[in-house]
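The next block holds one structure in the form of structure tokens; read it before the comments.
The values are calculated or read from the model by the stated rules, or taken from the named source; none is laboratory data. Since the structure is predicted, the reported quantities are computational estimates derived from the model, not experimental observations. So basically every Cβ, Gly included, is an ideal-geometry build from the backbone, and we count neighbours across all protein chains shown. Heavy atoms of the whole protein, side chains included, go into the accessibility calculation; ligands, DNA and RNA do not. Shrake-Rupley method; radii C 1.70, N 1.55, O 1.52, S 1.80 Å.
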Amino acid sequence: MPPQSQGDPLKSNLIKRGFLSLLAAQFLGAMNDNVLKMLLTFMVIDGAWAGMLGDGGQGIVGICFTIPFILLSGYGGQIADRYSKREVTLWVKIAEVPIALIAMVGFYLGNLWITLLALVALTCQSSFFGPAKYGMIPELVDDTDLSRANGTINMMTNVAVIVGTLLGGVVADRYSPQDASLTPIQWLPGAALLVIAILGLISAVFMPRLEPGDRSMKFDWNPFATYLGSIQEMAQSRFLMVMMAWGYFYLLAGLALLILPEYTVVLGIDRTEASVLLGVMGVAIGVGCAVAGLISGHQINPKLVPIGAAGLVFFFLLLAFVPPTLPDQGPMVRVALSNTAGFVFGAGFFAGFYIIPLQSLLQKLSPDNERGRFLGTANALSFTFLTIASLMYWAIRPMFDDQPQRIFALCAAMMAAGAGFFLWRLRGTGILIGNRPTTAESPTAAEAAE
């Protein structure tokens, strides 16, 4: 065991060029994804393309965002196992630039379908980055820093979601103003996406050389065969239940992210102010992830998972049933200080406690030579749950009329039922209800999983 693991838990070796480069590339990629997604979401709710996808049309946008991850993450995992993860990162970042140009054309022409095509292309690009990104972390940091590295990556990803969401709201208000006195700026969305894509490419260039994987590995062109093979191997241990528990979170997260933009109706606010709530959720998840990583120190501490689940249930119920109020403050500030923002922050904070230990366990328990394939399968599962969330929202949204916040009650019930099921299935393993945290170097996690 490295000496560091027995030293000060606040010390780490994350301040390295490789990890910082990955952090920047991931930050800018997540930011671009959310700028484009939020622009489209606001445009189909009450903007330039309102009504073109029907009530709950943002659910269709969500499906366009998630389907490529399901279909392509298996390929992404195989490529990450076969080639250098740095090279994979460079190629996907190069591809992001022409995709931003396609989006620029779509927005400038006011064409929803070209812009949706750009969204699909951007998520195709991201689906190849995901397995390389998460598979790269164990190559860039010590095992003793896995929890902290995952906490940092997730924290910065959620900061990127905040920035992208806020920027998406601001750009949406200038592209298709609700105020008739303002002149639309047609080139603004495309310019924002292009600048972010170029900065992401620059950040990836500074990543250090990483060794390629198994070049002799046979490439399987059936993406579902990759998933089925990985799942069959995972099913030999409790690894499969760990992955299911991690992926299930994205079903609830997907529903929450579709509800929050509708607070333009619930609170009677504009798009920029509604994006504040999404930003608050991003901040909260980032803080929760960072705190979970700090508490875990140089260990993986799965006992944080049930704490996170209980917190999510509690704050989802508050969002569903406590009447939302706005204090007598100026724009933006009144939303940030509202009781709704407080409940959103609480839910996001406990989400970090739920996902960080599970994500670290997935990386730790994945075989070194198949990590990309295993994490690609986990990535596909998470986006399958996001797709189910989009379909659910599209189907149930008309039932809630002008009170979409009530859907949070359904989220609470699903979180309680799901967490109870996974805790029951993992009973006695030490993975979720162990007597002590699992150290990164200890065989306890692997033994318990088997």
Check I300: other-chain or 5+ apart residues with amide H under 5 Å from its amide H, H built from backbone geometry?
T438, T439, A440
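Once a ≥ b ≥ c are taken as the square roots of the eigenvalues of the Cα gyration tensor of the stretch 178-245, is the result rounded (a/c under 1.5), prolate (a/b larger than b/c) or oblate (a/b not larger than b/c)?
Because a/c hits 1.5 or more and a/b exceeds b/c, the stretch 178-245 counts as prolate.
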Might you tell me the accessible area per residue for the chain, computed with a 1.4 Å probe and given in Å²?
38
Translational D in µm²/s for the stretch 190-342 (Stokes-Einstein at 37 °C, 0.692 mPa s, Kirkwood Rh from C-alpha pairs)
164
Listed residues A160, M136, M244: farthest to the positive end of the dipole of the stretch 124-249 (Cβ charges):
A160
Length gain on complete extension for the stretch K16 to Q403, per 0.36 nm per residue less the alpha carbon to alpha carbon distance?
134.5 nm
So, in nm, how far is label L71 from label L109 when the simple model puts each one 7 Å beyond its Cα toward the Cβ?
2.1
Taking N as the number of residues in the chain, what value does Rg over Cα atoms divided by 2.2 N^0.38 Å take?
0.94
Summarise the accessible area of the chain (1.4 Å probe, protein heavy atoms) by the percent that is carbon and sulfur.
65
Treating cross-link reach as a plain straight distance, find the lysines whose alpha-carbon is under 20 Å from the alpha-carbon of K93, omitting any fewer than eight places away in the same chain.
K37, K85, K133
Helix by helix, which DSSP H runs in the chain go 20 Å or more along their axis at the Cα atoms and have an average Kyte-Doolittle hydropathy of -1.0 or more?
17-46, 58-82, 85-109, 112-140, 146-175, 188-205, 239-259, 271-296, 304-321, 339-365, 371-396, 407-425
